[in-house]
1. What number of residues within the range 3-54 are loosely packed, with under 10 Cβ neighbours inside 10 Å, in a loop (DSSP other than H, G, I, E, B), at pLDDT 90 or above and among the charged types (D, E, K, R)?
2. How many residues are at pLDDT 75 or above and within 38 Å of the chain's Cα centre (by Cα) if we restrict to the range 63-81?
3. Does D64 fit the bill of being part of a loop (DSSP other than H, G, I, E, B), surrounded by 10 or more Cβ atoms within 10 Å (Cβ to Cβ) and without any contact (Cβ under 8 Å) to a residue 40 or more places away in the chain?
4. When you scan the range 55-78, do you find a residue that is polar (S, T, N, Q) and at positive phi, even just one?
Amino acid sequence: MEISIIKIGNSKGLRLSKTILEKYNIKDKVELILEKEQIILKPIDLPRKNWEKEFKRMSENGDDKLLMDDVFEDENLEEWI
């Protein structure tokens, strides 16, 4: 696929179509990888961003308790021995 380099202020850039952005799940940023005579744009996906901070906050608020016991009262564990 061939695309043009466009002027953006004092810089130049690439314009990616909506189809490409959606297909490769590109949001606000991409990782730029420079390899042997190639430039690779890789979507940045941070699905677990801020999890550590949120887990700490949950612990401080006492919200990190199990919602159900991991063993049920009527469960017979003897059959597994």
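The values are calculated or read from the model by the stated rules, or taken from the named source; none is laboratory data. Since we're looking at a predicted model, the values are computed, not measured. Counting neighbours? That spans all protein chains shown, and the Cβs are built from the backbone with ideal geometry, glycine included.
1. 2
2. 5
3. So D64 fits the description; yes.
4. No, every residue in the range 55-78 fails to be polar (S, T, N, Q) and at positive phi.
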